[in-house]
Amino acid sequence: MSGNMNIFDVAGRAMSAQMVRLNTTASNLANARTDYSSKDEAFRAMRPVFRSVVEDNLATVDVDKVVQTDAEPQKRHDPTNPLADDEGYVWEAAVDETAELIDMLETARNYQNNVQVMQTAKSLILETIRNK
Amino acid sequence: MPSLDQVLALNGGALKLRSQRLNMLASNIANASTPGYKAKDLDFDRAMQQAQNGSSIDQAMSDHTGYRVPLQPSLDGNTVELSVEQTLFAENAIQYRATLSFLQGQVSSIRRALKGE
């Protein structure tokens, strides 16, 4: 049998990684359409970086780090905004809402797949140990 | 007369190979969105054939593990195609169940013989 990792670790850690991804998506969406008075302080979308962890025949996935994307915040002319700078500009958070929503759907699908893997593995193992 | 080990070897070995293949397919599904991950799979038929010719299960498994050739390569270098992996996972789970029920049948035959029913 394989070392310290089993099929439940594989699916479980993948689920955790997808959960981190879902959390970053939630943060990005929460901060979408927020305004800032300078380009530097404007919010930029965050992305998790996945890395596979291989052990014998098993490979699970971990979140290596969460990075900020280099998307450029958009400048908007809005002199009435209290955050506007001297020239009347505000910067919008660099979040592509459509891309985030699509990413969210993919994350949910991947999560569900891992749940399904876990359920199947569980029922197969239970059938095996209840061998009458 | 063959020993009990020999009687159960075929289905026992098949069950072990099936469970290892299940692990590999689960790993592929887990890494569905990891950039650069290369999906792996076990050629069950050939591995089983080698195991029947007297090779150990672990040896047969490592000899016949290969990388999947994707139907449509993706830009990030990931070769996992969820539809393919899910289908094979389901198929392999059913085949595991089938092997398990063959094994259970053998065990119950032996048990019946022992009881002399």
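Side notes on the structure shown:
- For segment A:65-98, a residue qualifies if it is part of a helix (DSSP H, G or I) and either at positive phi or free of Cβ contacts under 8 Å to residues at least 12 places away in the same chain (or both), and exactly one does: A:Thr98.
- Qualifying position, being crowded, with 17+ Cβ neighbours inside 10 Å and within 12 Å of another protein chain (Cβ to nearest Cβ), among A:Val10, A:Val95, A:Val54, A:Val90: A:Val10
- Scanning segment B:78-117 for residues that are among the polar types (S, T, N, Q) and within 20 Å of A:Ala59 (Cβ to Cβ) returns B:Asn78, B:Thr79, B:Ser83, B:Gln86, B:Thr87, B:Asn92.
- Here A:Tyr111 meets the list (1) in a strand (DSSP E or B); (2) within 30 Å of B:Lys40 (Cβ to Cβ) almost entirely, failing just condition (1).
- Output for segment B:33-72, where each listed residue is among the polar types (S, T, N, Q), more than 14 Å from chain A (Cβ to nearest Cβ) and either touching a helix residue (DSSP H, G or I) at 6+ places or on another chain (Cβ under 9 Å) or more than 22 Å from B:Ser83 (Cα to Cα) (or both): B:Gln49, B:Gln50, B:Gln52, B:Asn53, B:Ser55
- Boolean, B:Ala93 is under 15 Å from B:Ala26 (Cα atoms) and either within 11 Å of chain A (Cβ to nearest Cβ) or not acidic (Asp, Glu) (or both): yes
- Segment A:116-132, residues that are among the hydroxyl-bearing types (Ser, Thr, Tyr) and either touching a residue at least 60 places away in the same chain (Cβ under 8 Å) or surrounded by 14 or more Cβ atoms within 10 Å (Cβ to Cβ) (or both): A:Thr120, A:Thr128
- Restricted to helices (runs of 4 or more DSSP H) entirely inside segment B:1-97, those with at least 3 residues that are of a type in the set (S, T, N, Q) and within 18 Å of the chain's Cα centre (by Cα) are B:4-30, B:44-52.
- Filtered residue count, segment B:68-80, keeping only those that are open to solvent by less than 40 Å² (accessible area, probe 1.4 Å) and either touching a Lys or Arg at 6+ places or on another chain (Cβ under 6 Å) or without any contact (Cβ under 8 Å) to a residue 40 or more places away in the chain (or both): 2
- Qualifying residue in segment B:109-116 (condition: within 18 Å of B:Leu42 (Cβ to Cβ) and either within 12 Å of another protein chain (Cβ to nearest Cβ) or buried (at least 18 other Cβ atoms within 10 Å of the Cβ) (or both)): no
- Checking A:Ala71, A:Ala108 one by one, the residue that is under 20 Å from the mean Cα position of the chain (by Cα) and under 25 Å from B:Ser27 (Cβ atoms) is A:Ala108 and no other.
- Subset of segment A:24-44 (residues that are hydrophobic (A, V, I, L, M, F, W, C) and open to solvent by less than 60 Å² (accessible area, probe 1.4 Å)): A:Ala26, A:Leu29, A:Ala32, A:Ala42, A:Phe43
- Considering segment B:96-106, and only residues there that are surrounded by fewer than 17 Cβ atoms within 10 Å (Cβ to Cβ) and touching a residue at least 12 places away in the same chain (Cβ under 8 Å), the residue that is farthest from B:Val7 (Cα to Cα) turns out to be B:Phe102.
- For A:Asn113, the conditions (1) touching a residue at least 12 places away in the same chain (Cβ under 8 Å); (2) in contact with a Leu (Cβ under 7 Å, 6 or more places away or on another chain); (3) within 14 Å of chain B (Cβ to nearest Cβ) are fulfilled apart from (1).
- A:Val20 being surrounded by fewer than 17 Cβ atoms within 10 Å (Cβ to Cβ), under 14 Å from the mean Cα position of the chain (by Cα) and away from chain B (no Cβ under 14 Å): no
The values are calculated or read from the model by the stated rules, or taken from the named source; none is laboratory data. Just so we're clear, the structure is a prediction, and the values are computed from it rather than from any experiment. Reconstructed Cβ throughout: ideal geometry from the backbone, glycine too, with neighbour counts over all protein chains shown. In case anyone asks, the SASA skips ligands and DNA or RNA and just uses the protein heavy atoms, side chains included. Shrake-Rupley method; radii C 1.70, N 1.55, O 1.52, S 1.80 Å.
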